[in-house]
Amino acid sequence: TKNSLDIAMFTINNVRVAEVIKNIYYKGIKLRILTDGECIKMPSSNIYSLAAIGISVKTDDSVRYHMHHKFCVIDNSVVATGSFNWTDQAVNHNQENLLFLENKDLARQYSDEFQRLWDVFEIEVTKEIALFKIKERYWLGEEIIQEEELRDLFKRNEIPICYDGFEPSGRMHIAQDS
(Lines give C-alpha, C1' and ligand atoms only; values in the text may rest on other atoms or scores of the structure.)
Protein backbone atom coordinates (compact mmCIF):
# COMPACT_ATOMS: atom_id res chain seq x y z
CA THR A 1 0.00 0.00 0.00
CA LYS A 2 1.13 3.50 -0.81
CA ASN A 3 -1.76 5.77 0.19
CA SER A 4 -4.61 4.15 2.09
CA LEU A 5 -5.86 0.97 3.71
CA ASP A 6 -9.45 0.50 4.89
CA ILE A 7 -9.98 -2.72 6.84
CA ALA A 8 -13.42 -4.19 7.61
CA MET A 9 -12.66 -7.25 9.70
CA PHE A 10 -14.85 -9.22 12.10
CA THR A 11 -11.91 -9.67 14.44
CA ILE A 12 -8.11 -9.39 14.51
CA ASN A 13 -6.18 -11.40 17.07
CA ASN A 14 -3.08 -12.55 15.20
CA VAL A 15 -0.06 -10.68 16.55
CA ARG A 16 1.89 -10.89 13.26
CA VAL A 17 -1.03 -9.39 11.34
CA ALA A 18 -1.39 -6.65 13.97
CA GLU A 19 2.32 -5.84 13.67
CA VAL A 20 2.03 -5.52 9.88
CA ILE A 21 -0.91 -3.14 10.35
CA LYS A 22 1.11 -1.08 12.85
CA ASN A 23 4.06 -0.89 10.45
CA ILE A 24 1.78 0.33 7.65
CA TYR A 25 0.40 3.00 10.00
CA TYR A 26 3.90 4.07 11.07
CA LYS A 27 4.75 4.67 7.39
CA GLY A 28 2.11 7.41 7.35
CA ILE A 29 -0.46 5.47 5.34
CA LYS A 30 -4.09 6.53 5.94
CA LEU A 31 -5.55 3.54 7.79
CA ARG A 32 -9.04 2.90 9.17
CA ILE A 33 -10.52 -0.21 10.78
CA LEU A 34 -14.15 -1.31 11.17
CA THR A 35 -14.65 -4.25 13.50
CA ASP A 36 -17.25 -6.10 15.52
CA GLY A 37 -18.26 -4.46 18.80
CA GLU A 38 -18.40 -7.76 20.68
CA CYS A 39 -15.17 -9.28 19.33
CA ILE A 40 -13.17 -6.22 20.35
CA LYS A 41 -13.94 -7.12 23.99
CA MET A 42 -12.29 -10.53 23.74
CA PRO A 43 -8.96 -10.74 25.63
CA SER A 44 -7.15 -11.96 22.50
CA SER A 45 -8.29 -9.03 20.35
CA ASN A 46 -5.54 -6.77 19.01
CA ILE A 47 -7.91 -3.92 18.15
CA TYR A 48 -7.32 -1.86 21.30
CA SER A 49 -3.55 -2.05 20.78
CA LEU A 50 -4.03 -0.77 17.21
CA ALA A 51 -6.30 2.08 18.30
CA ALA A 52 -3.91 2.94 21.14
CA ILE A 53 -1.22 3.99 18.66
CA GLY A 54 -3.66 6.26 16.83
CA ILE A 55 -5.25 4.10 14.14
CA SER A 56 -8.87 5.16 13.49
CA VAL A 57 -11.24 2.41 14.64
CA LYS A 58 -15.03 2.17 14.73
CA THR A 59 -17.29 -0.68 15.83
CA ASP A 60 -20.93 -1.58 15.50
CA ASP A 61 -23.03 -1.30 18.63
CA SER A 62 -25.12 -4.45 18.47
CA VAL A 63 -24.79 -7.39 20.83
CA ARG A 64 -27.24 -9.34 18.68
CA TYR A 65 -25.85 -8.76 15.18
CA HIS A 66 -22.24 -8.63 14.03
CA MET A 67 -20.05 -6.58 11.74
CA HIS A 68 -19.02 -9.78 9.99
CA HIS A 69 -17.25 -8.42 6.90
CA LYS A 70 -13.79 -9.67 6.03
CA PHE A 71 -12.32 -7.32 3.44
CA CYS A 72 -9.88 -4.52 2.99
CA VAL A 73 -9.43 -1.93 0.26
CA ILE A 74 -5.86 -1.04 -0.66
CA ASP A 75 -5.18 2.32 -2.32
CA ASN A 76 -8.76 2.41 -3.68
CA SER A 77 -7.75 -0.09 -6.36
CA VAL A 78 -7.24 -3.54 -4.78
CA VAL A 79 -9.72 -5.54 -2.70
CA ALA A 80 -8.69 -8.39 -0.41
CA THR A 81 -11.71 -10.46 0.62
CA GLY A 82 -12.73 -13.99 1.54
CA SER A 83 -13.60 -16.15 4.52
CA PHE A 84 -10.27 -15.41 6.19
CA ASN A 85 -10.49 -13.67 9.59
CA TRP A 86 -7.19 -12.21 10.71
CA THR A 87 -6.92 -14.59 13.65
CA ASP A 88 -4.52 -17.19 14.98
CA GLN A 89 -7.11 -19.88 14.28
CA ALA A 90 -7.46 -18.83 10.64
CA VAL A 91 -3.72 -18.42 10.08
CA ASN A 92 -2.69 -21.69 11.72
CA HIS A 93 -5.58 -24.15 11.45
CA ASN A 94 -8.69 -23.29 9.42
CA GLN A 95 -9.37 -23.92 5.78
CA GLU A 96 -9.78 -20.34 4.55
CA ASN A 97 -9.69 -18.34 1.36
CA LEU A 98 -8.40 -14.86 0.63
CA LEU A 99 -8.70 -13.26 -2.79
CA PHE A 100 -6.82 -10.19 -3.98
CA LEU A 101 -8.71 -8.45 -6.77
CA GLU A 102 -7.12 -5.57 -8.63
CA ASN A 103 -10.12 -3.76 -10.05
CA LYS A 104 -10.87 -0.07 -9.44
CA ASP A 105 -14.62 -0.42 -10.08
CA LEU A 106 -14.89 -3.29 -7.61
CA ALA A 107 -12.66 -1.44 -5.14
CA ARG A 108 -14.98 1.59 -5.39
CA GLN A 109 -17.98 -0.60 -4.48
CA TYR A 110 -16.17 -2.01 -1.45
CA SER A 111 -14.99 1.49 -0.51
CA ASP A 112 -18.58 2.72 -0.72
CA GLU A 113 -19.70 -0.07 1.64
CA PHE A 114 -16.82 0.70 4.00
CA GLN A 115 -17.70 4.41 4.01
CA ARG A 116 -21.40 3.67 4.52
CA LEU A 117 -20.59 1.63 7.62
CA TRP A 118 -18.01 4.17 8.80
CA ASP A 119 -20.72 6.84 8.67
CA VAL A 120 -23.33 4.62 10.39
CA PHE A 121 -21.18 3.20 13.19
CA GLU A 122 -21.25 5.64 16.09
CA ILE A 123 -18.77 3.96 18.41
CA GLU A 124 -15.31 5.35 17.76
CA VAL A 125 -12.47 3.69 19.64
CA THR A 126 -10.23 6.66 20.31
CA LYS A 127 -6.65 6.41 21.49
CA GLU A 128 -7.79 7.42 24.98
CA ILE A 129 -10.54 4.79 25.10
CA ALA A 130 -8.15 2.13 23.83
CA LEU A 131 -5.54 2.96 26.47
CA PHE A 132 -8.22 2.88 29.17
CA LYS A 133 -9.51 -0.50 27.94
CA ILE A 134 -5.98 -1.92 27.89
CA LYS A 135 -5.42 -0.66 31.43
CA GLU A 136 -8.81 -2.04 32.49
CA ARG A 137 -7.96 -5.43 30.99
CA TYR A 138 -4.70 -5.73 32.93
CA TRP A 139 -5.23 -3.45 35.95
CA LEU A 140 -5.12 -5.20 39.31
CA GLY A 141 -6.47 -2.31 41.38
CA GLU A 142 -5.50 -0.86 44.68
CA GLU A 143 -6.28 -1.52 48.30
CA ILE A 144 -8.50 0.82 50.31
CA ILE A 145 -7.97 0.67 54.07
CA GLN A 146 -8.88 4.08 55.51
CA GLU A 147 -12.20 5.91 55.15
CA GLU A 148 -10.39 8.90 53.66
CA GLU A 149 -8.93 6.66 50.92
CA LEU A 150 -12.46 5.54 50.08
CA ARG A 151 -13.64 9.17 49.90
CA ASP A 152 -10.70 9.99 47.60
CA LEU A 153 -11.63 7.03 45.38
CA PHE A 154 -15.15 8.38 44.89
CA LYS A 155 -13.77 11.83 44.09
CA ARG A 156 -11.60 10.26 41.34
CA ASN A 157 -14.06 7.73 39.98
CA GLU A 158 -17.85 7.96 40.09
CA ILE A 159 -18.38 4.23 39.49
CA PRO A 160 -15.44 2.17 40.77
CA ILE A 161 -15.24 -1.57 40.17
CA CYS A 162 -14.92 -3.14 43.62
CA TYR A 163 -14.88 -6.40 45.46
CA ASP A 164 -14.64 -7.00 49.15
CA GLY A 165 -13.33 -9.76 51.29
CA PHE A 166 -11.78 -10.41 54.67
CA GLU A 167 -8.12 -10.71 55.48
CA PRO A 168 -7.00 -13.58 57.72
CA SER A 169 -6.60 -10.93 60.43
CA GLY A 170 -10.38 -10.45 60.35
CA ARG A 171 -10.22 -6.98 58.78
CA MET A 172 -12.46 -6.29 55.81
CA HIS A 173 -10.62 -5.98 52.50
CA ILE A 174 -11.92 -3.85 49.59
CA ALA A 175 -10.00 -3.81 46.33
CA GLN A 176 -11.06 -1.71 43.39
CA ASP A 177 -10.07 -0.56 39.94
CA SER A 178 -9.72 3.20 39.70
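The values are calculated or read from the model by the stated rules, or taken from the named source; none is laboratory data. Not measured: the values here are computed from a predicted model. No Cβ is skipped: glycine too gets one built from the backbone with ideal geometry, and neighbour counts run over all protein chains shown. Heads up: the accessible areas ignore ligands, DNA and RNA and are worked out on the full protein's heavy atoms, side chains in. Shrake-Rupley method; radii C 1.70, N 1.55, O 1.52, S 1.80 Å.
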Open item on the list: For a quick check of your reading of the model, give me the residue pairs whose first member lies in the range 7-30 and is touching a residue at least 40 places away in the same chain (Cβ under 8 Å), whose second is surrounded by 18 or more Cβ atoms within 10 Å (Cβ to Cβ) and acidic (Asp, Glu), with beta-carbon atoms closer than 7 Å and at least 6 apart or on different chains.
Closed with: Phe10/Asp36; Thr11/Asp36
- [ ] Quick one: in the range 128-148, of everything that is farther than 18 Å from Lys41 by Cβ and open to solvent by 70 Å² or more (accessible area, probe 1.4 Å), which residue is modelled with the lowest pLDDT?
- [x] Leu140
Task: Among residues of the range 31-56, those that are out of contact with any His (no Cβ under 8 Å at 6 or more places or on another chain), among the charged types (D, E, K, R) and in contact (Cβ under 8 Å) with a residue 12 or more places away in the chain, counted - done: 1
Open item on the list: Given (1) in contact with a strand residue (DSSP E or B) (Cβ under 6 Å, 6 or more places away or on another chain); (2) under 16 Å from Asp88 (Cβ atoms), identify the lone condition not met by Ser45.
Closed with: (1)
Task: Condition broken by Asn76, with the remaining ones in (1) open to solvent by 60 Å² or more (accessible area, probe 1.4 Å); (2) more than 18 Å from Cys39 (Cβ to Cβ); (3) assigned to a helix (DSSP H, G or I) satisfied - done: (3)
Open item on the list: Just checking, does the range 111-118 include any residue being open to solvent by 90 Å² or more (accessible area, probe 1.4 Å) and either touching a residue at least 60 places away in the same chain (Cβ under 8 Å) or more than 18 Å from Lys30 (Cα to Cα) (or both)?
Closed with: no
- [ ] Give the residues of the range 89-104 that are open to solvent by 70 Å² or more (accessible area, probe 1.4 Å) and either in a helix (DSSP H, G or I) or under 19 Å from Ile40 (Cα atoms) (or both), sorted by residue number.
- [x] Gln89, Asn92, Lys104
Open item on the list: Could you go through the range 156-169 and let me know if any residue there is modelled with pLDDT of 80 or more, open to solvent by less than 90 Å² (accessible area, probe 1.4 Å) and within 30 Å of Ser62 (Cα to Cα).
Closed with: no
Task: Verdict on Gly82 being open to solvent by less than 20 Å² (accessible area, probe 1.4 Å), closer than 21 Å to Ser111 by Cα and either in contact (Cβ under 8 Å) with a residue 24 or more places away in the chain or small (Gly, Ala, Ser) (or both) - done: no
Open item on the list: For the range 52-71, which positions are surrounded by 15 or more Cβ atoms within 10 Å (Cβ to Cβ) and within 18 Å of Leu117 (Cα to Cα)?
Closed with: Ile55, Ser56, Val57, Lys58, Thr59, Asp60, His66, Met67, His69, Lys70, Phe71
TODO: Determine which member of the set Ile33, Ile40, Ile24 is within 16 Å of Ala130 (Cα to Cα), assigned to a helix (DSSP H, G or I) and open to solvent by less than 40 Å² (accessible area, probe 1.4 Å).
DONE: Ile40
